[in-house]
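Structure first, commentary second.
The values are calculated or read from the model by the stated rules, or taken from the named source; none is laboratory data. Given the structure is predicted, the values throughout are model-derived calculations rather than measurements. Don't worry about glycine lacking a Cβ; one is built from the backbone with ideal geometry, like all the others, and counts go over all protein chains shown.
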């Protein structure tokens, strides 16, 4: 979207609040997608009204961004996705195919909806997954140490990890995958429906039935995973040290309607997590309880709020990009620690 915010920007803080609130509210009526009659129960109308107000404020925020893009739009310079849409809308007008674009629907409103989808589905799910990874690192410090040792050996202490390093970091990658399996932040996948009567394992499923993949149940099935309640990244690494993803690992859903952003999400999670582990040691502040594995149920499963103590690990030069498979190990950690509060939200929708 080519828009940068400072951490203290009140508009950015409000923006984050609206996303979190919207996903929490969406979780209150999410069951309507699976059981339509639930919408007639008391209390659902109030949630719908709150969602409508939330969406209107969000849409206004994006409209302002789009208006700013229109004022500074240069056909010779494409800055981001919004510019691409503006260019296509202008071309459609010039070519007389205005009514064909977006099936004749309001062009600007369609752009607003696309941006909402990208932010709500893309930003919130990544944030929630990273929060859960932090929870698992706090609860399994030996696994965090293995990740950091791998990063020090492969990447070194002279630069930050890059996406090119991923293929050489099976411990780091498998730790992310195990965190996704164990948390299953979207426990129910998109509803599917058979086009004809089918029979599976003796069960008859009529055409038109609603079929809801239970991702969390699959990820915690002891028939598929050895001791699924344990956090064990090594289950994703084969005897040759290669990362493997069994077909029953389905955090992004299944079938043709699975999450469209899985590839981008994997890259984002790796870069955030690897850079975080490369840069900081993470511990509990003295006297603080260990984060619970019990999550807050909304459109996604988010962890309860928790505090962490971040101790910087030394970097030498973060500008070098040349890949290094061997490097000196890190020196002792800095004694100066910073404390951060990781606040989870009852939030998000599909991936």
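Hey, can you tell me all the residues within region 277-297 that are in a helix (DSSP H, G or I) and either without any contact (Cβ under 8 Å) to a residue 24 or more places away in the chain or touching a strand residue (DSSP E or B) at 6+ places or on another chain (Cβ under 7 Å) (or both)? Scanning region 277-297 gives a single hit, 279. Within the bounds of region 298-312, is there any residue that is in contact with a helix residue (DSSP H, G or I) (Cβ under 8 Å, 6 or more places away or on another chain) and assigned to a helix (DSSP H, G or I)? Checked against the condition, which is being in contact with a helix residue (DSSP H, G or I) (Cβ under 8 Å, 6 or more places away or on another chain) and assigned to a helix (DSSP H, G or I), region 298-312 yields no hits at all.
May I ask you to verify whether residue 142 is surrounded by fewer than 13 Cβ atoms within 10 Å (Cβ to Cβ) and either modelled with pLDDT under 85 or closer than 24 Å to residue 236 by Cβ (or both)? Before you say what the answer is, go through the steps one by one.
Numbers: surrounded by fewer than 13 Cβ atoms within 10 Å (Cβ to Cβ): yes; either modelled with pLDDT under 85 or closer than 24 Å to residue 236 by Cβ (or both): yes.
Taking the combined requirement at face value, the residue satisfies it.
For residue 57, are the conditions met, namely being at negative phi, under 24 Å from the mean Cα position of the chain (by Cα) and surrounded by fewer than 18 Cβ atoms within 10 Å (Cβ to Cβ)? Break it down stepwise before answering.
On the way: at negative phi: yes; under 24 Å from the mean Cα position of the chain (by Cα): yes; surrounded by fewer than 18 Cβ atoms within 10 Å (Cβ to Cβ): yes.
Taking the combined requirement at face value, the residue satisfies it.
Scanning region 206-234 for residues that are surrounded by 11 or more Cβ atoms within 10 Å (Cβ to Cβ) and within 25 Å of residue 147 (Cβ to Cβ) yields 215, 216, 219, 220, 224, 225, 228, 230, 231, 232, 233, 234.
Suppose the filter is farther than 20 Å from residue 300 by Cα and surrounded by 15 or more Cβ atoms within 10 Å (Cβ to Cβ); does residue 101 pass it? Considered against the rule, which asks whether it is farther than 20 Å from residue 300 by Cα and surrounded by 15 or more Cβ atoms within 10 Å (Cβ to Cβ), residue 101 comes out as yes. Scanning region 235-256 for residues that are surrounded by fewer than 13 Cβ atoms within 10 Å (Cβ to Cβ) and outside any loop (DSSP other than H, G, I, E, B) returns 255, 256.
Taking the criterion of being more than 30 Å from residue 211 (Cβ to Cβ) and in a helix (DSSP H, G or I), would at least one residue in region 29-42 satisfy it? Checked region 29-42: no residue is more than 30 Å from residue 211 (Cβ to Cβ) and in a helix (DSSP H, G or I).
Reported count of residues in region 1-20, each being in contact (Cβ under 8 Å) with a residue 60 or more places away in the chain and either part of a helix (DSSP H, G or I) or within 16 Å of residue 56 (Cβ to Cβ) (or both), is 2.
Pairing each residue of region 140-166 that is touching a residue at least 60 places away in the same chain (Cβ under 8 Å) with any residue that is part of a helix (DSSP H, G or I) and surrounded by fewer than 15 Cβ atoms within 10 Å (Cβ to Cβ), provided the two are 6+ apart or on different chains, yields C-beta distances under 9 Å for 163/267; 166/267.
State all residues of region 188-226 that are part of a loop (DSSP other than H, G, I, E, B), within 18 Å of residue 256 (Cβ to Cβ) and modelled with pLDDT under 95; if no residue qualifies, say none.
Step one: filter region 188-226 for residues part of a loop (DSSP other than H, G, I, E, B), giving 189-191, 193-197, 201-202, 206-210, 212-213, 220-226.
Filter again for within 18 Å of residue 256 (Cβ to Cβ), leaving 189-191, 193-196, 207-210, 212-213.
Listed by number, the residues that qualify are 189, 190, 191, 193, 194, 195, 208, 209, 210, 212, 213.
Checking the stated criteria, residue 32 turns out not to satisfy the condition of being modelled with pLDDT of 85 or more and surrounded by 11 or more Cβ atoms within 10 Å (Cβ to Cβ). When region 195-205 is filtered for residues that are surrounded by 10 or more Cβ atoms within 10 Å (Cβ to Cβ) and farther than 16 Å from residue 34 by Cβ, the ones remaining, listed by number, are 197, 198. Of all residue pairs spaced 6 or more apart or on separate chains, those with beta-carbon atoms under 6 Å, a first member in region 83-104 that is modelled with pLDDT under 90 and a second member that is surrounded by fewer than 14 Cβ atoms within 10 Å (Cβ to Cβ) are 92/98.
Considering each residue of region 11-28, count those that are farther than 30 Å from residue 78 by Cβ and at pLDDT 75 or above, and give that number. Step through it out loud before you land on a result.
Step one: filter region 11-28 for residues farther than 30 Å from residue 78 by Cβ, giving 17, 20-21, 23-28.
Adding the requirement that they be at pLDDT 75 or above leaves 17, 20-21, 23-26.
The number of residues fulfilling the criteria is 7.
In the set (1) within 16 Å of residue 172 (Cα to Cα); (2) crowded, with 22+ Cβ neighbours inside 10 Å, residue 125 fails one condition alone, (1).
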